[in-house]
Amino acid sequence: NLIWEKNVGDPNYMDGWSSIFRAQNGNYIIGGSRDTPPTGNSSSIRVISLDSNGNIVWERYYPGGYTDGMYRMMELSDGNFMISAAVETGGWQWTPTLIKIDQDGNEIWRKGQDSLLNYVVHYMAACLDGGVVTLGYKSNSFNAKSYIAKYDSVGDLVWIKYPYGLNDTIPYSLGGIFTKSDGTIIVLFPE
């Protein structure tokens, strides 16, 4: 049965949500992007925290380039949140970027990977060391050239692997990435 329903958008703007989950503190966290946000960009990364009754606790924007977008967001074991995003660097080129924010939505740090221009993150999982692993593909080759990347707890790239090779042109789907308590990583590629 429906308990409550809230509109957290604005009919004059286009919102795109990519993540929603209930945080350890009981609040709901919604992450995505908004076209024509108050930051002056064409689109900007947006995160909202709602209490258990659907009331807005806080709302934050994380502008970077002219057009930015969020791919995934998750809560880390320390109670902070990790955002994986695409920040425009100019000329319709995007840098995959990790943004770490605290429980109040304040930005702790931001790291872009200029060497991975136009790489898209589809899935993200937390690692035991406070870092994350991501699964995605290079955006100019949809459903080809998949990659798995490991980032440390301050957002630096540790390694990147291409399970199908760098020259792969065969389409496939990405299914998800998960970490286990023993530190191993499970990657799903459904056929």
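The values are calculated or read from the model by the stated rules, or taken from the named source; none is laboratory data. What you see is a predicted model, and the numbers here were worked out from it, not measured in a lab. Reconstructed Cβ throughout: ideal geometry from the backbone, glycine too, with neighbour counts over all protein chains shown. The area values use the complete protein model at the heavy-atom level, side chains included, leaving out ligands, DNA and RNA. Shrake-Rupley method; radii C 1.70, N 1.55, O 1.52, S 1.80 Å.
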With a 1.4 angstrom probe the carbon and sulfur portion of accessible area for the chain, in percent, totals 51 percent
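So how much slack lies between Tyr172 and Ser115, counting 0.36 nm per residue of separation and subtracting their Cα-Cα distance, in nm? Present the calculation step by step, with values, prior to reporting the outcome.
Values: separation 57, 0.36 × 57 = 20.52 nm, distance 2.39 nm.
So the extension gain works out to 18.1 nm.
Gain in length, Asn1 to Ala23, computed as 0.36 nm per residue apart minus the alpha-carbon separation, to one decimal in nm?
Here the segment from Asn1 to Ala23 would lengthen by 5.7 nm.
If you count only protein heavy atoms with a 1.4 Å probe, what accessible area per residue comes out for the chain, rounded to a whole Å²?
Value returned for the chain: 51 Å² of accessible area per residue.
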Highest mean packing first, using Cβ neighbours within 10 angstrom, the peptides 118-127, 5-14 sort as 118-127, 5-14
Among Tyr123, Ser84, Asn55, the residue whose Cα sits farthest towards the positive end of the charge dipole of the chain (+1 at Cβ of Lys and Arg, -1 at Cβ of Asp and Glu, taken about the Cα centre) is Tyr123
Simple SL model, points at 7 angstrom along Cα→Cβ for Trp159 and Asp35; separation in nm is 4.2 nm
Taking the square root of 5λ for each eigenvalue of the C-alpha gyration tensor of the range 50-191, the equivalent ellipsoid has semi-axes, largest first and in whole angstrom, of 25, 19, 14
Filtered hits (lysines, Cα-Cα < 20 Å from Lys138, offset >= 8 within chain) -> Lys111, Lys150, Lys161
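Using only alpha-carbon positions, what ratio does the radius of gyration of the range 1-122 give when scaled by 2.2 N^0.38 Å? Each step should come with its number before you reach the end.
Numbers: Rg = 14.4 Å, N = 122, 2.2 N^0.38 = 13.7 Å.
Compared with the compact-globule rule of thumb, the range 1-122 sits at 1.05.
For a Förster distance of 25 Å, can you work out the FRET efficiency between the beta-carbons of Ile186 and Trp58, rounded to the nearest 0.05?
Working: r = 34 Å, r/R0 = 1.35.
Taking R0 as 25 Å, the efficiency between Ile186 and Trp58 is 0.15.
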